[in-house]
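Laboratory data are not the source of any read-out in this text; all were calculated from the coordinates shown. Here the structure is a predicted model, which is why all the values come from computation and not from measurement. Neighbour counts are summed over all protein chains in view; Cβ atoms, including those assigned to glycine, are modelled from backbone coordinates with ideal geometry.
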Amino acid sequence: MAAVSLKNIRKVYEGGVVAVHDLSFEVMDKEFLVLVGPSGCGKSTLLRMIAGLEEISSGELRIDGRLCNDVAPKDRDIAMVFQNYALYPHMTVGENLAFGLKLRKLPGAEIRQRVAEAAEMLGITPYLSRKPKALSGGQRQRVALGRAIVRKPKVFLFDEPLSNLDAKMRVQMRVEISRLSAQLQTTMIYVTHDQTEAMTMGHRIVCMRDGVIQQSGTPMELYKSPSNRFVAGFIGMPPMNFLPCEWTGEALTIPGAGVTGLTSGDFPVRPPAKPILGVRPEHLRLLTKDSPTAAGIAAEVEVVEPLGAETLVYCRAGDHRAVSRVDPETRVGRGDRVTLIPQPAHLHFFDP
Ligand code: ADP
């Protein structure tokens, strides 16, 4: 059992910067929780407070039920993985893995067994006698993970651990960390600014902005039912389209771009008078000029991005821009006149 509970946690830095405002949430035992938000939103500060590397200005932090505000980092039974691997360059991989355990004066046989297990789990057994400089970035990050794993902590804390890796390695390590989470069955708190990492890895996501929680829930809850425009725009790639509209009482129109094709029959509840319509790229159907005409947003194609499995079509409608995710077989090119049709079952309205 290692739940982590934060109650009314606040952090004020010297000089009066409030990095975290009165923040409360629970991380359940064995849960993989992702703290996500743009740079400066306070996520690293929060993680460092959990680790004990930063003082908590007020509030209560409990790890496994124990009040930990004033417990030294080494006595919290947590292990942290950073983005700069911070390996000891003069030690071999094996020595790096064993170092923390030696400091804790574990018996030699126990250390050897834990190092061998972690190395096996991470596929770094062949490199145990190499120095870190003879490893690739991905291999170094595995060693950093291994150093946390050998400790057998109650909670793992990750601070943007994949930021220094190239795109392909990031995807590979993402899968590997998810696999480790399932295998180790240990509570994990993972900080990132990358919404893809949050969506793909988290059992649950806490989305932050300016030191305040915007929404917490499962990845699909945040994706399908964002609680505000910030979350709607932050989660999802490409981001949700936002179109300022007017509700005439009968139909939804876009000033400067005409009709949307949406009328009163499409809405169970009446939209506000001047809503911002939020619609994800996959819910903005695109009809090319070959298609039968239908009521929708008249637009011109500016950029077509074929991604293989799907194609993104960036369009301009009056003063507005919107992107549609279409089937890769769709025949569409720059300059084409198209019709965009928001799918009524998947609309979001935001109050400007
Ligand atoms: P994130 O990890 O989301 O990028 P941080 O937790 O690093 O955000 O920072 C949150 C806020 O606290 C920012 O406004 C940042 O400038 C400020 N901050 C971070 N560290 C310090 C510090 N040591 N002293 C003063 N302000 C800080």
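Run the Debye formula on the Cα coordinates of region 94-162, all scatterers equal and no solvent, and tell me log10 I(q)/I(0) at q = 0.13, 0.17, 0.18, 0.20 1/Å. The Debye formula, applied to the Cα set alone, gives -0.34, -0.58, -0.65, -0.80. Derived scalar couplings between HN and Hα for region 115-122 equal 5, 5, 4, 5, 4, 5, 4, 9 Hz in order, rounded to whole Hz, by the Karplus curve 6.51 cos²θ - 1.76 cosθ + 1.60 (θ = phi - 60°), x for Gly and Pro.
Residues Y314, Y190, Y85 in ascending order of nearby Cβ atoms (within 10 Å, fewest first): Y314, Y85, Y190. Scalar couplings 3J(HN,Hα) for region 232-241, obtained by applying the Karplus form with A = 6.51, B = -1.76, C = 1.60 to θ = phi - 60°, are 4, x, 7, 8, x, 9, x, x, 4, 7 Hz; x denotes Gly and Pro. Computed 3J(HN,Hα) for region 68-79, one whole-Hz value per residue from the Karplus formula 6.51 cos²θ - 1.76 cosθ + 1.60 where θ = phi - 60°, is 10, 2, 10, 7, 5, x, 5, 9, 8, 6, 10, 9, glycine and proline marked x. Cross-link reach is defined here as a Cα-Cα straight distance under 28 Å, omitting same-chain residues fewer than 8 places apart; for K154 the lysines meeting it are K7, K11, K30, K43, K74, K102, K105.
The convex hull of the Cα atoms of region 1-105, projected and averaged over all directions, covers 8.3 nm². Ranking V18, F32, G233 by Cα position along the charge dipole of the chain, where only Lys, Arg, Asp and Glu carry charges on their C-beta atoms, puts F32 farthest toward the positive end. For region 241-350, how big is Rg over Rh, using alpha carbon atoms and the Kirkwood form of Rh? When Rh is taken as the Kirkwood radius, the ratio is 0.96. Residues H90, H283 in ascending order of nearby Cβ atoms (within 10 Å, fewest first): H90, H283.
Distances between placed amide hydrogens fall under 5 Å for A2 paired with D29, K30, all partners being 5 or more residues away or on another chain. Among E282, E120, the ranking by other beta carbons within 10 Å of each residue's beta carbon, starting with the fewest, stands as E120, E282. Taken over the chain, the ratio of Cα radius of gyration to 2.2 N^0.38 Å equals 1.20. Helical content alone sets the calculated 222 nm signal of the chain at -7000 deg cm²/dmol, taking -39,500 (n - 2.57) per DSSP H segment of four or more residues and averaging over every residue.
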